[in-house]
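Engineer: Take a look at the following structure, please.
The values are calculated or read from the model by the stated rules, or taken from the named source; none is laboratory data. Computed from a prediction, not measured in an experiment: that's the story for all the values here. Backbone-built Cβ (ideal geometry, glycine too); neighbour counts: all protein chains shown.
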């Protein structure tokens, strides 16, 4: 079965490649399109003003022949026809890939992997010709929720592909995740069953869960309403519905991305990659990359991780709002505190951008305390810090300046918060200012990296934050939050830790 699926996809891919390689001319513009083109002063892609050396041209879709918009010549020439056919599975990385990836090697055509680990793949592709491939992608990397929850985010009139296959009277039954007896359906003979099995046969051994009576009754209604004659037809309907629902969900997601960020997620592997390009497009910023390897290693020494610890394991509240309040004992309150938009707040500040140079290390404690957090010039320093003993009791619950080092009787490093002195500790000058204000003592400065900084990320962060406040469902709220938070993750990504795995399809 997997081999048949791959062969069918390859035939479709070859047909699509032929369409892509035979572009069609632009259809005549409508009056409104002519007016839009004539009045345009800026490129609809990059938003740059048209110039003599970068003239205005008519960009169009080479397949549909429709007018896309007034475009500068540079962008028009830069846009390329896809050399791949995206094939989306929901949770491909977690499950579906294992079913058919072995079947990809039935011939000698090249197979490429984009792995997370040896067993989990972000994506993989198979060549169907010299310059066209099938690219298998995971929609869960963009829409990290179950189909059942995602379906609830769309209105009925947004399921346009479902409507092409089912009439409006029956479609209501299908606008939810279907129910199927996975463990019972273990042979083709079961396809001939003339009715659904009893509810006990819907027990999921993998999850160790039985379905509810409501779910079973729903499955029976579907079986009867669609006049199905056997379990095989029910299976076909279940699979068909799953595919169409995912199609509607992802097409609506694509629509949101194109309208909001002018980017098509089909060109990306994950949301973080999409967000990084969206940020570059929105901010128009040119980030200077390191050419000095020592600077890169220096910055990496300041990457430690996030603290998660239990500072106080047990506490008892005692105040006037408690039923067992004892006024003779110490008054105590328990509070739950959470920072809203924590990552977004930090990324809206002045951040390093360019002009990275090693600087003199003759800064004094007072010089550092006098530095503004909103100066055009910023610093990352490597310092020795002393932790005065008189602060130990006060700071014992949450010591400053966490470190990555092995704890006692352990070889592996851990992120530790200690009251020990810090040696060659790399940190941003804003953090150093805070530590000095809270009582730590600067003993020595080893190195100083100086740079130009600005709030270059703020517009993008604010843009997504605003979109999140206007979101109409939980998926949109989580998506716009991820579009912000994943920027932090991309800036921290160590590409040297990526895994290179290659599949062999022949003995040679």
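Engineer: For the range 97-150, please list each of the strands (runs of 3 or more DSSP E) lying entirely inside it that holds at least 2 residues being within 21 Å of residue 15 (Cα to Cα).
Structural biologist: 121-129, 132-138
Engineer: Also, quick follow-up: Picking from 241, 260, which residue would you name as being surrounded by 12 or more Cβ atoms within 10 Å (Cβ to Cβ) and closer than 24 Å to residue 470 by Cβ? Explain how you work it out, then say what you get.
Structural biologist: Numbers: 241 fails: closer than 24 Å to residue 470 by Cβ.
Of the residues listed, the single one that is surrounded by 12 or more Cβ atoms within 10 Å (Cβ to Cβ) and closer than 24 Å to residue 470 by Cβ is 260.
One line per residue, one yes/no per condition, for (1) closer than 22 Å to residue 369 by Cβ; (2) without any contact (Cβ under 8 Å) to a residue 12 or more places away in the chain; (3) in a helix (DSSP H, G or I):
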site	(1), (2), (3)
385	yes, no, no
412	no, yes, no
436	yes, no, yes
447	yes, no, no
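Engineer: Being crowded, with 16+ Cβ neighbours inside 10 Å and either closer than 27 Å to residue 138 by Cα or in contact (Cβ under 8 Å) with a residue 24 or more places away in the chain (or both): is that true of residue 170 here?
Structural biologist: no
Engineer: Cβ contacts < 6 Å: first residue over 16 Å from residue 224 (Cβ atoms), restricted to the range 192-208; second residue in a loop (DSSP other than H, G, I, E, B), any location; separation 6+ or different chain. Result?
Structural biologist: Filtered contacts from the range 192-208: 192/230; 201/181; 201/184; 202/181; 202/211; 203/210; 205/183.
Engineer: Going residue by residue through the range 82-89, is there one that turns out to be modelled with pLDDT of 90 or more and over 30 Å from residue 141 (Cβ atoms)?
Structural biologist: The answer is no; no qualifying residue exists.
Engineer: Kindly indicate whether any position in the range 178-196 is crowded, with 16+ Cβ neighbours inside 10 Å, closer than 30 Å to residue 267 by Cα and in contact with a strand residue (DSSP E or B) (Cβ under 6 Å, 6 or more places away or on another chain).
Structural biologist: Among the residues of the range 178-196, not one is crowded, with 16+ Cβ neighbours inside 10 Å, closer than 30 Å to residue 267 by Cα and in contact with a strand residue (DSSP E or B) (Cβ under 6 Å, 6 or more places away or on another chain), which makes the answer no.
Engineer: Out of (1) part of a loop (DSSP other than H, G, I, E, B); (2) within 33 Å of the chain's Cα centre (by Cα); (3) over 30 Å from residue 146 (Cα atoms), the odd one out for residue 472 is which?
Structural biologist: (3)
Engineer: In this structure, does residue 341 turn out to be touching a strand residue (DSSP E or B) at 6+ places or on another chain (Cβ under 6 Å), surrounded by 10 or more Cβ atoms within 10 Å (Cβ to Cβ) and at pLDDT below 95?
Structural biologist: no
Engineer: How many residues are at negative phi and either in contact (Cβ under 8 Å) with a residue 60 or more places away in the chain or touching a strand residue (DSSP E or B) at 6+ places or on another chain (Cβ under 6 Å) (or both) when one looks only at the range 282-305?
Structural biologist: Summing the residues that are at negative phi and either in contact (Cβ under 8 Å) with a residue 60 or more places away in the chain or touching a strand residue (DSSP E or B) at 6+ places or on another chain (Cβ under 6 Å) (or both) in the range 282-305 gives 16.
Engineer: To continue, here is another question. Quick check: anything in the range 147-154 in contact with a strand residue (DSSP E or B) (Cβ under 6 Å, 6 or more places away or on another chain) and touching a residue at least 12 places away in the same chain (Cβ under 8 Å)?
Structural biologist: no
Engineer: Taking the condition of being free of Cβ contacts under 8 Å to residues at least 24 places away in the same chain and assigned to a strand (DSSP E or B), how many residues in the range 53-87 meet it?
Structural biologist: Summing the residues that are free of Cβ contacts under 8 Å to residues at least 24 places away in the same chain and assigned to a strand (DSSP E or B) in the range 53-87 gives 4.
Engineer: For residue 101, all conditions in the list (1) over 23 Å from residue 278 (Cα atoms); (2) out of contact with any strand residue (DSSP E or B) (no Cβ under 8 Å at 6 or more places or on another chain) hold save one; what is the number of the exception?
Structural biologist: Status for residue 101: all satisfied but (2).
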